[in-house]
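A.B. asks: Could you have a look at this structure, given as C-alpha cells, before my questions?
Just so it is clear, none of the values below were taken in a lab; they were calculated from the coordinates. A quick note: this is a predicted structure, and the numbers were derived from the prediction, not measured. FYI the Cβ positions are ideal-geometry reconstructions off the backbone, even for glycines, and counts take in every protein chain you see.
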Amino acid sequence: MQTHLEKEIDDLKQKLLAMGSYAEAAVKQSVDALVTRNDSLALKVRENDIVVDHFEIEIDDMSINLLAKAPLAGDLRFVTVAMKISQNLERVGDEAAKVAKRARDLNGEAPLKTALDMKAMAGVALEMLKGALDAFVNRDSAAARAVIQRDAEVNAFNKQARRELEGLMMENPANITRALHLMTAAKCMERIADHATNVAEEVVYLCEAQDIRHAGR
C-alpha cells in the first residue's frame with residue numbers, strides 16, 4: 001500500500017509532467033505560429049504561458065511542503081530535482097512566448113525569403129525536451145546523457161541561422177528588422193534546448209547522485 005508521503009511524491013511527479021506537456025505544446029504552437037503566420041495561435045501561446053507560470057508556483061508549494069517532512073535522501077533528491085526541472089520548464093514557456101511575440105511582429109510584414117528551417121530546429125529541441133522528461137519518469141540516466149549530447153545539434157542550427165540572416169541583412173537593409181526577429185526566434189530555440197539539457201543533467205543527478213552540470217560532457 002502506498003504511504004501518504006509516497007502519494008504526495010507521486011502527485012508532485014504528475015504535476016511536473018502536466019507542466020512539461022504544456023511547455024512542449026507551447027514550443028510547438030509558437031513555431032507553428034511563426035511558420036504559418038497564425039496570429040491567433042501566437043496569442044494562445046501567451047495564454048498558455050500563464051498556465052505554465054502557475055504550475056511552477058504550485059510545484060514549489062508542493063515541494064516545500066514535502067521538504068518540511070524530512071524525507072529520506074532518495075526522496076529529498078527527487079523533490080529538489082523536481083523544483084529545478086519546474087524552473088527550467090517555466091523558462092521554456094517564456095522562450096516559447098518570445099517566439100510567439102516575434103511571430104506576431106513578423107506577420108505585419110512581408111515574408112522574408114530564407115532557407116532557415118525553424119521547424120527542423122524546433123523539432124530537435126522538442127525531442128530533447130521530451131527525451132529529458134521521459135528519462136525523468138523512467139529514472140534513466142543513460143537516456144538523460146543521450147539528450148545532453150544532442151545540444152550541439154541545436155547550437156549548430158543556430159549558428160547556421162545566424163550566418164544566413166546576417167548575410168541577408170548585409171545584402172539589403174530592408175531585411176534587417178525581419179532578420180533580427182528570426183534571429184531572436186532561433187536563439188530562443190537554442191535556449192529551449194539548453195533548458196532541456198539542464199533537465200537531463202538533473203535526471204543524472206537524481207539517478208546517480210552525481211552533479212555533472214559543470215563537468216566536461
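A.B. asks: Assuming 0.36 nm per residue, please report the length gained on full extension of the stretch Met170 to Leu17 beyond their Cα-Cα distance. Working shown, then result.
C.D. replies: Numbers: separation 153, 0.36 × 153 = 55.08 nm, distance 4.43 nm.
Going from the current span to full extension adds 50.7 nm.
A.B. asks: Compute for the stretch 4-208: radius of gyration divided by Kirkwood radius, i.e. Rg/Rh, restricted to C-alpha atoms, rounded to two decimals. Present the calculation step by step, with values, prior to reporting the outcome.
C.D. replies: Numbers: Rg = 18.5 Å, Rh = 17.6 Å.
Rounded to two decimals, Rg over Rh is 1.05.
A.B. asks: What percent do you get for the relative contact order of the chain when only Cα pairs under 8 Å and 6+ apart count? Intermediate values should be presented prior to the final figure.
C.D. replies: Values: 284 pairs, mean separation 55.6, N = 217.
In percent, rounded to a whole number, it is 26.
A.B. asks: Work out from phi, with θ = phi - 60° and the Karplus expression 6.51 cos²θ - 1.76 cosθ + 1.60, the ³J(HN,Hα) of each residue of the stretch 133-140, listed in order in whole Hz, and give x for Gly and Pro.
C.D. replies: The phi angles translate into 5, 4, 5, 5, 4, 8, 6, 10 Hz.
A.B. asks: Now, a different point. If each DSSP helix of 4+ residues adds -39,500 (n - 2.57) and the sum is divided by the residues in the chain, what number results at 222 nm, nearest 500 deg cm²/dmol? Before the final figure, lay out the partial values.
C.D. replies: Working: 7 runs with 181 residues, N = 217.
Per the formula, -29500 deg cm²/dmol.
A.B. asks: In the structure displayed, which of Lys13/Lys119; Lys13/Lys130; Lys84/Lys187; Lys13/Lys101 lie more than 24 Å apart, Cα to Cα? Please list the in-between numbers first.
C.D. replies: On the way: Lys13/Lys119 29 Å; Lys13/Lys130 15 Å; Lys84/Lys187 22 Å; Lys13/Lys101 31 Å.
Cα-Cα > 24 Å for Lys13/Lys119; Lys13/Lys101; rest within.
A.B. asks: Using bins 10 angstrom wide from zero, how does P(r) for the stretch 107-185 break down, in % of all Cα pairs?
C.D. replies: P(r) for the stretch 107-185, in whole percents per bin: 17, 38, 23, 15, 6, 0.
A.B. asks: Which order do Glu95, Glu58, Glu208 fall in if you start with the one that has the fewest other Cβ atoms within 10 Å? Kindly include the intermediate steps, with their values, before the conclusion.
C.D. replies: Numbers: Glu95 25, Glu58 16, Glu208 12.
The fewest-first ordering by Cβ neighbours comes to Glu208, Glu58, Glu95.
A.B. asks: Hey, another quick one. So what is the relative contact order for the stretch 101-199, in percent, with contacts set as C-alpha pairs under 8 Å and at least six apart? Present the calculation step by step, with values, prior to reporting the outcome.
C.D. replies: Values: 85 pairs, mean separation 42.9, N = 99.
That works out to 43 percent.
A.B. asks: In whole angstrom, how far apart do the alpha carbon centroids of the stretch 156-207 and the stretch 14-66 sit?
C.D. replies: The two parts, judged by their Cα centres, are 20 Å apart.
A.B. asks: Specify which residue in the list Asn158, Asn172, Gln210 is farthest towards the positive end of the charge dipole of the chain, using unit charges on the beta carbon of Lys, Arg (+1) and Asp, Glu (-1), about the Cα centre.
C.D. replies: Of Asn158, Asn172, Gln210, it is Asn172.
A.B. asks: Treating the beta-carbon of each Lys and Arg as +1 and of each Asp and Glu as -1, no other charges, what is the dipole magnitude of the stretch 34-79 about its Cα centre, to the nearest 20 debye? List each step's numbers first, then the result.
C.D. replies: Details: 5 positive and 9 negative charges, 36 e Å.
About 180 debye.
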